[in-house]
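Notes follow the structure.
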Amino acid sequence: MPLTTQESHRGRVRGSLLAGAVGDALGAPIEFDSIAAVRRLYGEAGLTTLVHGWRSTVGLITDDTQMTLFTAEGLIRARVRRAVKGDGDEVSAVRDAYLRWLDTQSHRSPPAGGRRGGGWLREEGWLYSRRAPGNACLSGLRHPAASGASGAFGALGVAGPVNPGSKGCGTVMRSAPFGFTASDPGHAFELSARCAQITHGHPTGYLAAGAFAAMIWHLAEGLAVEPAVREAMGLLRAYPRHEETTAALEAALALTARGTPTPERVESLGGAWVAEEALAIAVYCALAGRPEEDGPAGMRRALLLSVNHSGDSDSTGAVCGNLLGARLGEAALPADWLAPLEGRVPITALADDLAALRTVADETLTTWQDRYPAA
């Protein structure tokens, strides 16, 4: 398949990171509410637009978007290091980026000293806010193995040493950037899965992240959502312990043919607190919401479907947004939802740098060290 143009690619990367952040902000205020409670608060249609979240502010993102940004930063810094020093292990770079994210959850403002290499993203004060981060993400980054060599996590398909029983959706919600920098969908899958092992050792948790990254790769190359999902499932089936994720995705695809989408249909796929359910719900909503029919109105419809349920609404909104943004690009984002989005300008800047990795020369990357230190 021919590659899309660089301009189109940049629009898809922007679209994915921004739509993911919008979906995150949309679902955050109702993350822990049942659909019955949501309807009591907002009417029978449920949530219909961005509403006030933390600090009574509209458009605030959560740990889902925070970690996605640090994933992107880690991948950029791996490329810069490779250009400058001739080596650039991506798993180590992403691990160090997640440790910088951990600083944002442990301090009220950027602490003195450059933990794991400093860099501009760590200095963004608006990121220093705890928005219900996942326990496995926090404990995993404090685990001794998280500071070890990147090869310490073992073969895919077996339980890893860090939180071996955890398959929380924290693996999936942060993994879209892998699909934009990988050389092929298999590389996207494997790298995403290995980086998911940094905090979650259960095979379902990290294989779901791998499948998600492969979907993003295919969407970025121009496939529609359903064929992108099926291509990713073909990769997924090659790994031991794929069955839970495969079954969840098969259920999502089957559900799209069963009538008008409703919150109750969404909830039949689970609560999204675990990785395979979050991915399945996002896929279902990206298909059943018919987002490709009418631009921003379709994006709005699909994102609302993805958050109006009794489960982990911000994560399903974020993952659905990542998928749809990669497919439809920045132009499909509802302008009135994008305008109040927290961090919109730095998210866009980071997306542009991530997109540029596809074509930028190593000689140029050596000049990026002020923003993305090679250390």
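Listing for the model above:
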{"read-out": "Within region 45-64, considering residues that are within 23 Å of LEU138 (Cα to Cα) and in contact with a Leu (Cβ under 8 Å, 6 or more places away or on another chain), the one surrounded by the fewest Cβ atoms within 10 Å (Cβ to Cβ)", "value": "TRP54"}
{"read-out": "Test: GLY270 is at positive phi and either touching an Asp or Glu at 6+ places or on another chain (Cβ under 6 Å) or hydroxyl-bearing (Ser, Thr, Tyr) (or both)", "value": "yes"}
{"read-out": "Residues (in contact (Cβ under 8 Å) with a residue 24 or more places away in the chain and touching a Phe, Trp or Tyr at 6+ places or on another chain (Cβ under 7 Å)) located in region 264-292", "value": "VAL266, LEU279"}
{"read-out": "Positions within region 288-314 being within 14 Å of LEU269 (Cα to Cα) and part of a helix (DSSP H, G or I), in sequence order", "value": "ALA288, LEU305, SER306, VAL307, SER313"}
{"read-out": "Pairs, first on the phi > 0 side of the Ramachandran plot in region 231-249, second assigned to a loop (DSSP other than H, G, I, E, B) and surrounded by fewer than 18 Cβ atoms within 10 Å (Cβ to Cβ), C-beta under 6 Å, six or more apart", "value": "ARG241/GLY157"}
{"read-out": "Residue, modelled with the lowest pLDDT, within region 43-61, restricted to residues that are over 16 Å from ASP314 (Cβ atoms) and hydroxyl-bearing (Ser, Thr, Tyr)", "value": "SER56"}
{"read-out": "Sole residue being touching a helix residue (DSSP H, G or I) at 6+ places or on another chain (Cβ under 8 Å), part of a helix (DSSP H, G or I), closer than 16 Å to VAL319 by Cα and not aromatic (Phe, Trp, Tyr), chosen from ALA228, ALA145", "value": "ALA228"}
{"read-out": "Pairs where the first residue, in region 328-347, is touching a residue at least 12 places away in the same chain (Cβ under 8 Å) and closer than 13 Å to LEU17 by Cβ and the second is among the basic types (Lys, Arg) and in a helix (DSSP H, G or I), C-beta under 6 Å, 6+ apart", "value": "GLY329/ARG12; GLU330/ARG14"}
{"read-out": "Test: residue in region 289-297 that is hydrophobic (A, V, I, L, M, F, W, C) and modelled with pLDDT under 95", "value": "yes"}
{"read-out": "Of all residues making up region 334-360, the number that are aliphatic (A, V, I, L, M), assigned to a loop (DSSP other than H, G, I, E, B) and under 17 Å from the mean Cα position of the chain (by Cα)", "value": "1"}
{"read-out": "Count of region 295-352 residues which are on the phi > 0 side of the Ramachandran plot and either of a type in the set (Phe, Trp, Tyr) or touching a Lys or Arg at 6+ places or on another chain (Cβ under 7 Å) (or both)", "value": "1"}
{"read-out": "Residue, surrounded by the most Cβ atoms within 10 Å (Cβ to Cβ), within region 160-192, restricted to residues that are of a type in the set (A, V, I, L, M, F, W, C) and free of Cβ contacts under 8 Å to residues at least 40 places away in the same chain", "value": "ALA188"}
{"read-out": "ALA248 surrounded by 24 or more Cβ atoms within 10 Å (Cβ to Cβ), farther than 30 Å from ASP336 by Cβ and of a type in the set (Gly, Ala, Ser)", "value": "yes"}
{"read-out": "Complete set of residues in region 249-277 that are part of a helix (DSSP H, G or I), aliphatic (A, V, I, L, M), out of contact with any strand residue (DSSP E or B) (no Cβ under 9 Å at 6 or more places or on another chain) and within 23 Å of GLY157 (Cα to Cα)", "value": "LEU249, ALA251, ALA252"}
{"read-out": "Considering residues of region 212-229 that are without any contact (Cβ under 8 Å) to a residue 60 or more places away in the chain and touching a Gly at 6+ places or on another chain (Cβ under 6 Å) only, the residue farthest from GLU277 (Cα to Cα)", "value": "TRP217"}
{"read-out": "Residues of region 36-67 classified as farther than 26 Å from GLY168 by Cα and part of a helix (DSSP H, G or I), total", "value": "6"}
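The values are calculated or read from the model by the stated rules, or taken from the named source; none is laboratory data. Fair warning: this is a prediction, and the values are worked out from it, not measured in the lab. Methodologically, a virtual Cβ is constructed for each residue, glycine included, from the backbone with ideal geometry; neighbour enumeration extends over all protein chains shown.
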